[in-house]
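Here the structure comes first, spelled out in structure tokens, and everything after it is commentary.
The values are calculated or read from the model by the stated rules, or taken from the named source; none is laboratory data. Nothing here was measured: the structure is a model prediction, and the numbers come from that model. Here the Cβ is made from the backbone with ideal geometry for all residues, glycine too, and neighbour counts use every protein chain on show. The accessibility values were calculated without ligands, DNA or RNA, using every heavy atom of the protein model including side chains. Shrake-Rupley method; radii C 1.70, N 1.55, O 1.52, S 1.80 Å.
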Amino acid sequence: MSTFLATQDMRVQHHFEVFEIDLPVITGACTLGSAQGFGTPLTCDQAWTNEYKTYYFTNENAPVLPSVNGQPIYRCLTSIKETTTELKPGDGLSSRGSLNITFTDFTKQDPNIGAPGVTNDVKNQGTFFGKLNARQIFENKNVRLKLYRVQPDGTVDLVNGAETRHYVANAFKLNSKSGKWSLACKDVLSLANLSEKSWPINTGGFVRQDIDDTVTAIPVDGDTDYSSAVFIRIGDEFSQIVSVTDNLTPTATLNVTTRGGDLYAPSSAVLLTTTNAEDHSAGDEVFICDLSDDETIDSLLTKILVDSDFDVSLIPAAEWAAEVAEWHATDKINTLHSESESVNDVLNRILTGYLMDLWFSTTDNLAKLSAISVWKQSTSTLIEGKEINSFTINKTPRESIRASRA
């Protein structure tokens, strides 16, 4: 157990926060034209090699703290505003959490001490955050807000003593009136830009030449990768692919089954659709359908998020599978996803249809999937003489919020 949790029952408590942000740096040679650079990808001609430096900031009235990994913890936080993730039972996706940090700027310091171009003159010029802003791009960088509690003996456990909240940076701005800088941070799930993306992804394929309704060798463009396609849609007609010839070449051809009639899922043998063969013209769209063939809910949700650029390492696959197995042991999805739609719309349709919630836990740094909270039994423990007085609690059911999972 972390010391933050172990000391939560202290009668007198002293709290403070440490804010961390990981920003890219270049620690080797760094030149910008004929001048010495400042050790960041924006100020070096040299290629970035995936190196990061963590910057640490704490409250202005925090205890005196030691350096971390050789980096100082700057005492300059003046305001922390956090909006937690809010579950909305029945809506599927939760509302996003957010974090806004305000910093007091300071001088005679440099964020890139040790970089070739950081001389004493440069160190004393400008302000710390002014230079940091000029040398870095903050958007989508990992940040952490760590909540600490001073221990009973007056010490601070910086290693194991924090409750950590995970976000990603969004926008770093200077307030010209106050002279303070603010960093807006967003829910990690926002990295997928779910409101701005569509799924399945439209690959832009098209028919290369006119074909009639009997052709089973369909000439297509050479820019689209059809190697993993199982079903396609051209106009209103669906076809099942048998093989692909000359993929990604000017003579690419899709070999399909006899056109028209019923199409079945390869594994489950479930009827997916009934289609009519039609003539098609050169330039007609070839849409690669995504197939769900006896697919579980967690598998489909994972596929949609990963296709939308969400980091698969933030999805606890075993946990999701166990939750789905508990509530939807026999439910399988068999369908063709044959048209691009908003990712938010697709996720909400799946989640609301199967009575599931999806949100991002800032403390676990993981995407969470659960049966809708209101269907689950909740419990609490009250201790007589401590939290309550005897015979002072009454429980009255409210009929207006009674619901049936059926």
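Worth a mention:
- Any chance Val270 is at negative phi and open to solvent by less than 50 Å² (accessible area, probe 1.4 Å): no
- Here Asn255 fulfils each of the conditions (1) assigned to a strand (DSSP E or B); (2) surrounded by fewer than 17 Cβ atoms within 10 Å (Cβ to Cβ); (3) of a type outside the set (Phe, Trp, Tyr); (4) under 33 Å from the mean Cα position of the chain (by Cα) apart from (4).
- Scanning segment 326-341 for residues that are in contact (Cβ under 8 Å) with a residue 24 or more places away in the chain and not β-branched (Val, Ile, Thr) returns Glu326, Trp327, His328, Asp331, Lys332, Asn334, Leu336, His337, Ser338, Glu339, Ser340, Glu341.
- Top-ranked residue of segment 29-56 - restricted to ones that are assigned to a loop (DSSP other than H, G, I, E, B) and of a type in the set (A, V, I, L, M), ranked as surrounded by the most Cβ atoms within 10 Å (Cβ to Cβ): Ala29
- Which listed residue is open to solvent by 60 Å² or more (accessible area, probe 1.4 Å), among the charged types (D, E, K, R) and modelled with pLDDT of 95 or more, from Glu341, Glu326, Glu319: Glu319
- Of all residues making up segment 116-158, the number that are assigned to a loop (DSSP other than H, G, I, E, B) and in contact with a strand residue (DSSP E or B) (Cβ under 7 Å, 6 or more places away or on another chain): 9
- Pairs with Cβ under 7 Å, 6+ apart, first in segment 148-175 and under 15 Å from Leu5 (Cβ atoms) and among the hydroxyl-bearing types (Ser, Thr, Tyr), second open to solvent by 50 Å² or more (accessible area, probe 1.4 Å) and at pLDDT 95 or above: none
- Checked against (1) among the aliphatic types (A, V, I, L, M); (2) at pLDDT 95 or above; (3) part of a helix (DSSP H, G or I), Val346 meets all criteria but (2).
Residue by residue, here is whether (1) open to solvent by less than 70 Å² (accessible area, probe 1.4 Å); (2) over 30 Å from Leu369 (Cβ atoms); (3) part of a loop (DSSP other than H, G, I, E, B) holds:
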{"position": "Gln8", "(1), (2), (3)": "no, no, yes"}
{"position": "Arg11", "(1), (2), (3)": "no, yes, yes"}
{"position": "Glu20", "(1), (2), (3)": "yes, no, no"}
{"position": "Thr27", "(1), (2), (3)": "no, yes, yes"}
{"position": "Thr58", "(1), (2), (3)": "yes, yes, no"}
{"position": "Ala62", "(1), (2), (3)": "yes, yes, yes"}
{"position": "Leu65", "(1), (2), (3)": "yes, yes, yes"}
{"position": "Thr78", "(1), (2), (3)": "yes, yes, no"}
{"position": "Lys81", "(1), (2), (3)": "no, no, no"}
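Residue-wise test of (1) over 30 Å from Thr127 (Cα atoms); (2) over 25 Å from the mean Cα position of the chain (by Cα); (3) open to solvent by less than 40 Å² (accessible area, probe 1.4 Å); (4) modelled with pLDDT under 95.
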residue: Glu196; (1), (2), (3), (4): yes, no, no, yes
residue: Phe206; (1), (2), (3), (4): yes, yes, no, no
residue: Gly222; (1), (2), (3), (4): yes, yes, yes, no
residue: Ser227; (1), (2), (3), (4): yes, yes, no, no
residue: Ile232; (1), (2), (3), (4): yes, yes, yes, no
residue: Phe238; (1), (2), (3), (4): yes, yes, yes, no
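- For segment 310-346, a residue qualifies if it is touching a Cys at 6+ places or on another chain (Cβ under 8 Å) and among the hydrophobic types (A, V, I, L, M, F, W, C), and exactly one does: Leu336.
- Scanning segment 310-322 for residues that are assigned to a helix (DSSP H, G or I) and touching a residue at least 60 places away in the same chain (Cβ under 8 Å) turns up just one, Leu314.
- Top-ranked residue in segment 293-307 [being crowded, with 17+ Cβ neighbours inside 10 Å and either of a type in the set (A, V, I, L, M, F, W, C) or touching a Leu at 6+ places or on another chain (Cβ under 6 Å) (or both); ranked as farthest from Pro266 (Cα to Cα)]: Leu305
- Residue list for segment 258-267, filter: open to solvent by 70 Å² or more (accessible area, probe 1.4 Å) and not in a loop (DSSP other than H, G, I, E, B): Asp262, Tyr264
- Just one of the numbered conditions (1) surrounded by 15 or more Cβ atoms within 10 Å (Cβ to Cβ); (2) modelled with pLDDT of 95 or more is not true of Pro250: (1).
- Criterion (in a helix (DSSP H, G or I) and among the small types (Gly, Ala, Ser)) met by exactly one of Ala282, Ala325: Ala325
- Whenever a residue of segment 118-142 is polar (S, T, N, Q), its partners that are in a loop (DSSP other than H, G, I, E, B), lying with C-beta atoms within less than 8 angstrom and at least six residues away or across chains, give the pairs Asn124/Lys108; Thr127/Asp105; Thr127/Phe106; Gln136/Thr40.
- Selection count where residues are hydrophobic (A, V, I, L, M, F, W, C) and either crowded, with 17+ Cβ neighbours inside 10 Å or touching a Ser or Thr at 6+ places or on another chain (Cβ under 7 Å) (or both), scope segment 110-146: 8
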